[in-house]
Every structure is written in C-alpha cells, then in structure tokens.
Amino acid sequence: MLFKRFLSSVTRTDVQHFTKILSPPSVLSTLQNAPSAELDIYNNDWMGKYKGSSTTVLKPKTTQQVSEIVKWCNERRIGIVPQGGNTGLVGGSVPVNDEVVISLQNMNSVRSFDPVSGILVADAGCVLQALTDHIASHDHIMPLDLGAKGSCQIGGNVSTNAGGLRLLRYGSLHGSVLGIEAVLPDGTILDQLSTLRKDNTGYDLKQLFIGAEGTLGIVTAVSILTPPAPEASNNVILALPHFNNVLPLYMEVKRQLSEILSAFEYMDRTAYDLAVKHGQGRALADDEIEGAECFVLVETSGGKREHDEEKLETLLSTLLSASNPLITTGVMAQSPAQFSSMWALREGITEAVSKEGKAYKYDISIPLSKFKECVDATREQLRSKGLLGDGDGMVKAVIGYGHVGDGNLHLNVIATRYTQEIQDALEPFVYEFTASHRGSISAEHGIGLMKTHALQYSKSDVSITWMKKIKALFDPNGIMNPGKVLE
Ligand SMILES: Cc1cc2nc3c(=O)[nH]c(=O)nc-3n(C[C@H](O)[C@H](O)[C@H](O)COP(=O)(O)OP(=O)(O)OC[C@H]3O[C@@H](n4cnc5c(N)ncnc54)[C@H](O)[C@@H]3O)c2cc1C
C-alpha cells in the first residue's frame with residue numbers, strides 16, 4: 001500500500017510509552033509477547049473479508065489517554081485505526097497494514113441523561129443496545145436501531161453515520177447528534193459536546209465527524225437527542241405477488257397510516273427464504289406465501305394501541321379486499337414476542353447471509369422503482385460470466401432487501417468464497433448501474449477500504465478535491481485510519 005511508505009511501524013519503545021499512558025492490561029501487543037491470536041478479533045472484520053496485521057491494540061479509558069496516545073503516534077508517524085464494535089461492513093474498522101488499533105471498548109459510561117429534553121451524553125464506546133436499555137427505564141428510545149446493536153458502539157454509529165431501521169421516522173444522525181467530543185490527529189481535544197438543539201455560531205464542525213469513518217479524528221463522546229418511547233408499537237408482514245406492487249403499496253401504506261408509520265422494510269423472496277433457512281425470526285405458513293415474490297415489513301409507532309391497531313386492521317382489510325389486491329397475505333403481530341420475531345426475520349438477513357457463505361455487499365441508494373432491476377441485472381451479469389452455480393468459487397445467491405422508505409437497497413451476492421473473478425464481474429458493474437440512476441454507492445455503510453476506488457461514481461471531482469483538502473488540514477501526516485475513504 002502506497003501510504004505505508006510514509007508511516008512507521010510500532011516498536012517496543014512505542015509500546016513501553018503506551019504502557020506508561022495506560023495500565024498494562026489495556027495494552028495488547030505481540031511486541032510484549034501477547035499471542036497474535038489474541039489480536040485476531042481486532043485484525044479481522046465482521047465479514048471475514050479484510051485482514052490487517054496490527055501488532056498492538058490500545059484500550060484507553062479516558063479522553064485524556066486517547067489524546068496522549070494520538071499525540072505520540074502523530075509525532076512518530078504511526079498509523080491509527082479507531083475501532084468500535086468492529087461490525088462495519090466496508091473494511092473500515094481493521095488495519096490495512098500494521099497500524100495501531102485504538103479500541104474504544106473501555107470508554108463505555110453514560111455521562112448524563114436528561115429525561116425532560118431526552119438528551120443523552122455518552123462515551124463513544126457505549127454499545128448501542130446498552131444505551132437502548134439505559135434510556136428504556138426513562139421511557140425513551142435511541143433514534144437508531146440496527147441488527148448489530150448488541151455489538152456496535154455509538155462512536156462507530158456516528159463515525160459511519162449509520163442509518164438502520166428507524167431512519168424513516170427519526171431521520172439521520174446528522175439531525176439527532178447534537179454534539180461530539182473528538183481527539184484530533186495531533187492529539188488536541190475538540191470539545192463540541194453541546195446539548196443545545198439550536199446553535200448557529202458559525203461552521204458546525206461536528207457534522208464533519210459524522211460519517212468520517214475515523215479519518216479525521218477519534219470520537220470520544222457523543223451527545224444525542226433521543227425520542228420518547230412510543231406508547232404502542234406494532235408490525236405486520238405483507239407478502240406481495242410481484243415487485244411491481246411495492247411502490248403502490250408504499251404509497252397506500254403512507255396514506256393510510258400517515259403519522260404512525262415508523263418502518264417500511266423490503267426483502268425479496270430469496271432473502272426471506274435465506275433468513276428462514278438460518279432460523280432468523282418467525283416464518284409465515286408455506287401455503288400463505290405460495291407464489292409471493294417479495295415481502296414488506298411495516299411497523300407502526302404511535303400514542304394509542306387501539307387507535308393504531310384499528311388503522312393497521314383497516315389497512316389490511318382494504319388491501320386484501322381490493323379487486324386487484326397488492327398483497328396475497330398479511331400477518332399482524334399479536335404479542336410482543338411475535339413483534340420481535342417478525343423483526344428478527346428482517347434484521348436477521350445480514351446474519352443469515354454470513355452463515356450461508358462469503359458476501360459481496362453493496363449498500364446503494366437508487367430510485368425505488370429500480371430495486372428489482374438492479375438485483376436481476378446483477379444476477380444476469382453473473383450468469384453471463386458463468387459464475388452462478390453450486391461449485392467451489394461460485395455464486396450461490398443474489399438477494400435484495402433494504403429500507404424502502406429511505407430508497408436504500410442492500411444487494412448481497414453470496415458465494416462459496418471470495419474470488420477475484422466474482423469481484424471483477426461485480427465491479428464496476430454495480431457502481432455503473434448505480435451511477436446511471438444518479439444513485440449513491442454507499443447509502444449507509446460508508447466507504448471504508450472497500451469503496452475508495454469507486455468514490456467518483458457518487459462524488460464529483462470538485463467534491464473529492466475538497467474532501468482531500470479537509471483531510472490534509474486535519475491530518476497532514478495521514479495517520480488517521482490510512483487508506484480508508486480517500487485513496
Ligand atoms: C448484523 C449487522 C447489521 C447491520 N445493520 C446495519 C444497518 O441497518 N444500518 C447501518 O448503517 N449499518 C448496519 N451495519 C453496519 C455496522 O453495524 C454500522 O456501520 C455500525 O455503525 C458500525 O459501528 P461499530 O461500532 O461496529 O464501528 P466499527 O465497525 O468498529 O467501525 C466502523 C468505522 O468507524 C470508525 N470508528 C469506529 N469508532 C470510532 C470512533 N469512536 N471514532 C472515530 N472513528 C470510529 C472505524 O475506524 C471504521 O472506519 C450492520 C452490521 C451488521 C454486522
């Protein structure tokens with residue numbers, strides 16, 4: 001890798017210095033005889049696709065410690081990879097070479113929660129599920145929810161500008177994050193941990209860190225606006241005979257459910273079958289879904305259970321009794337357990353994909369009408385190259401699912417193993433398809449290492465030039481997550 005020429009490797013002297021900043025158990029280094037297997041979880045990404053060779057993992061407990069480590073690394077030109085829960089899907093959270101990993105896992109305290117305003121201030125290493133549980137006792141929910149909530153951290157969520165299942169209702173983190181505290185690449189602490197809803201005092205620097213994927217600094221704390229927990233939530237799974245019905249259905253669901261609609265999630269038949277095969281959530285009865293080409297999960301969140309249920313029941317009966325029904329069947333959750341297992345079906349797809357094989361993951365924004373065309377065209381592309389089939393090094397399945405309400409399709413190609421041939425068949429094919437529809441090559445997962453070479457499909461030369469200028473201004477030595485986002 002080109003950037004490696006400008007960066008230093010960690011030495012024993014560096015490790016001795018880190019051990020002065022941190023207590024010994026917070027320094028894990030093969031240079032101090034730690035078995036390299038102990039570093040595997042930090043060197044390998046969630047998909048098993050990207051692998052680094054870091055010798056040293058540091059686990060600071062305070063912002064001051066992060067600052068001292070970063071200052072030293074900057075002076076020594078040592079590359080740094082900030083790591084949260086390591087659930088990222090674009091290879092951003094693991095080293096490319098032997099950069100030092102700074103894991104935020106020990107910075108996991110809630111700093112404050114105000115039940116009146118709903119503003120939560122937490123260390124960056126707090127796991128999303130732990131924050132969800134913490135504020136549940138105050139009848140609040142996090143404005144974001146994703147399948148990786150048991151492992152991903154709020155600092156990682158902010159750094160990837162994670163979308164997830166609630167974006168339709170509560171908007172993006174660019175709106176709900178009110179402030180951040182970050183350590184800049186020279187070790188300076190940037191305290192922008194505001195709890196103000198309104199603050200128009202010049203440039204809003206925190207926005208730069210939302211989605212920066214650790215390339216501008218290390219987020220050490222986050223202030224975030226959390227909504228009150230809805231009094232009532234419900235969901236329904238709808239089976240559709242054709243993809244063409246998804247858009248009319250979305251319009252009808254929005255019209256009938258209006259303010260209580262909180263999610264509208266799509267999965268094609270292959271994605272559904274895969275989730276069921278790998279035991280994710282509750283399957284619908286086989287005879288009910290015969291001939292269904294795809295499924296939609298609709299969630300409502302509102303203030304009064306009877307009112308919301310009546311709306312959902314009316315929706316279902318009008319959909320089923322129409323002369324040319326958009327759906328073949330619809331199943332409404334009858335209990336909290338059913339509600340969770342219906343969500344598990346949709347949320348569990350990522351997990352099911354990883355159990356099925358090695359996944360090439362494309363997370364794109366394209367017009368809703370193009371979702372199926374994109375999946376079909378990708379399948380055709382692989383077929384034309386002779387890469388679809390059962391054998392070793394072949395593609396087993398191509399699936400599409402995602403957040404219809406946000407125009408975000410997850411296109412996953414599942415193979416028996418990663419091969420250059422499959423990669424070449426998919427890229428730039430998928431990116432060209434996306435660009436031809438003025439879409440985005442990354443709707444919510446980020447660029448990481450996976451898509452640096454493809455940034456120009458979604459960003460103009462002028463935008464990329466200014467991104468590079470910003471990076472150079474913050475991080476002139478290029479130590480912060482080298483090789484990620486920008487080539
Ligand atoms: C089962 C599953 C379901 C998922 N569902 C969704 C989904 O619905 N929507 C979605 O958007 N994503 C989803 N993801 C992807 C992933 O969970 C998100 O990108 C998440 O926000 C990453 O958080 P993390 O703490 O694991 O970060 P990591 O994976 O550790 O890091 C991700 C990036 O952020 C940087 N980073 C991490 N912490 C910090 C920090 N404190 N300061 C600076 N940089 C930092 C890393 O360097 C890296 O570039 C899913 C992943 C899985 C495995």
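Structure summary
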{"item": "Every residue from the range 413-432 that is in a helix (DSSP H, G or I) and either closer than 14 Å to Ser384 by Cβ or touching a Gly at 6+ places or on another chain (Cβ under 7 Å) (or both)", "result": "Glu421, Ile422, Asp424, Ala425, Leu426, Phe429"}
{"item": "Leu167 vs. criteria within 9 Å of the ligand (Cβ to nearest atom), crowded, with 19+ Cβ neighbours inside 10 Å and closer than 30 Å to Tyr250 by Cβ", "result": "yes"}
{"item": "Qualifying positions in the range 42-57 - buried (at least 23 other Cβ atoms within 10 Å of the Cβ) and more than 13 Å from the ligand (Cβ to nearest atom)", "result": "Thr55, Thr56"}
{"item": "Selected residue (criterion: farthest from Ile364 (Cα to Cα)) from residues of the range 449-465 that are assigned to a loop (DSSP other than H, G, I, E, B) and free of Cβ contacts under 8 Å to residues at least 12 places away in the same chain", "result": "Ser460"}
{"item": "Looking only at the range 25-41, and only at residues there that are of a type in the set (Gly, Ala, Ser) and surrounded by 15 or more Cβ atoms within 10 Å (Cβ to Cβ), the one that is farthest from Gly92 (Cα to Cα)", "result": "Ala34"}
{"item": "For Arg166: the one exception among (1) within 23 Å of the chain's Cα centre (by Cα); (2) modelled with pLDDT of 95 or more; (3) under 23 Å from Ser301 (Cα atoms)", "result": "(2)"}
{"item": "Helices (runs of 4 or more DSSP H) wholly inside the range 1-116 containing at least 2 residues that are closer than 25 Å to His445 by Cα, out of contact with any helix residue (DSSP H, G or I) (no Cβ under 9 Å at 6 or more places or on another chain) and not hydroxyl-bearing (Ser, Thr, Tyr)", "result": "40-43"}
{"item": "Qualifying residue in the range 109-119 (condition: surrounded by fewer than 20 Cβ atoms within 10 Å (Cβ to Cβ), acidic (Asp, Glu) and either out of contact with any Pro (no Cβ under 9 Å at 6 or more places or on another chain) or more than 29 Å from Glu231 (Cα to Cα) (or both))", "result": "yes"}
{"item": "Residues (within 6 Å of the ligand (Cβ to nearest atom) and either more than 10 Å from Cys126 (Cα to Cα) or not in a loop (DSSP other than H, G, I, E, B) (or both)) located in the range 136-162", "result": "Leu146, Gly147, Ala148, Gln153, Gly155, Gly156, Asn157, Ser159, Thr160, Ala162"}
{"item": "Filtered residues of the range 74-103 (kept if at positive phi and within 8 Å of the ligand (Cβ to nearest atom))", "result": "Asn86"}
{"item": "Boolean, Asn106 is within 14 Å of the ligand (Cβ to nearest atom), more than 30 Å from Tyr362 (Cβ to Cβ) and surrounded by fewer than 24 Cβ atoms within 10 Å (Cβ to Cβ)", "result": "yes"}
{"item": "Conditions (1) over 27 Å from the mean Cα position of the chain (by Cα); (2) under 22 Å from Gly405 (Cβ atoms); (3) part of a loop (DSSP other than H, G, I, E, B); number of the one not met by Gln256", "result": "(3)"}
{"item": "Pairs with Cβ under 6 Å, 6+ apart, first in the range 212-223 and within 16 Å of Thr195 (Cβ to Cβ), second more than 7 Å from the ligand (Cβ to nearest atom) and modelled with pLDDT under 95", "result": "Ser223/Thr195"}
{"item": "Top-ranked residue in the range 209-252 [being assigned to a helix (DSSP H, G or I), surrounded by fewer than 16 Cβ atoms within 10 Å (Cβ to Cβ) and not polar (S, T, N, Q); ranked as farthest from the ligand (Cβ to nearest atom)]", "result": "Pro248"}
{"item": "Near pairs, Cβ below 7 angstrom, 6+ apart or cross-chain, from the range 345-374 (touching a residue at least 12 places away in the same chain (Cβ under 8 Å) and more than 10 Å from the ligand (Cβ to nearest atom)) to any residue that is small (Gly, Ala, Ser) and in a helix (DSSP H, G or I)", "result": "Leu345/Ala275"}
{"item": "Unique match (being among the acidic types (Asp, Glu) and either outside any strand (DSSP E or B) or under 24 Å from Ser262 (Cα atoms) (or both)) among Asp204, Asp191", "result": "Asp204"}
{"item": "Counted residues, the range 270-293 - those being farther than 13 Å from Leu345 by Cα and either touching a residue at least 40 places away in the same chain (Cβ under 8 Å) or small (Gly, Ala, Ser) (or both)", "result": "6"}
{"item": "Residue check for Gln423: surrounded by fewer than 18 Cβ atoms within 10 Å (Cβ to Cβ) and either assigned by TED's automatic domain parsing to the domain that holds Ser258 or of a type in the set (Asp, Glu) (or both)", "result": "no"}
{"item": "Residue match in the range 380-389 (condition: surrounded by fewer than 18 Cβ atoms within 10 Å (Cβ to Cβ) and touching a Lys or Arg at 6+ places or on another chain (Cβ under 6 Å))", "result": "no"}
{"item": "Test: Asp133 is free of Cβ contacts under 8 Å to residues at least 40 places away in the same chain, within 9 Å of the ligand (Cβ to nearest atom) and either surrounded by fewer than 24 Cβ atoms within 10 Å (Cβ to Cβ) or part of a helix (DSSP H, G or I) (or both)", "result": "no"}
{"item": "Count of residues meeting criterion [within 30 Å of Lys372 (Cβ to Cβ), touching a residue at least 60 places away in the same chain (Cβ under 8 Å) and not β-branched (Val, Ile, Thr)] in the range 224-243", "result": "8"}
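The values are calculated or read from the model by the stated rules, or taken from the named source; none is laboratory data. From a predicted model like this one, the values you see are computed outputs, not experimental measurements. All Cβ positions, even for glycine, are placed from backbone atoms using ideal geometry, and neighbour counts span all protein chains on display.
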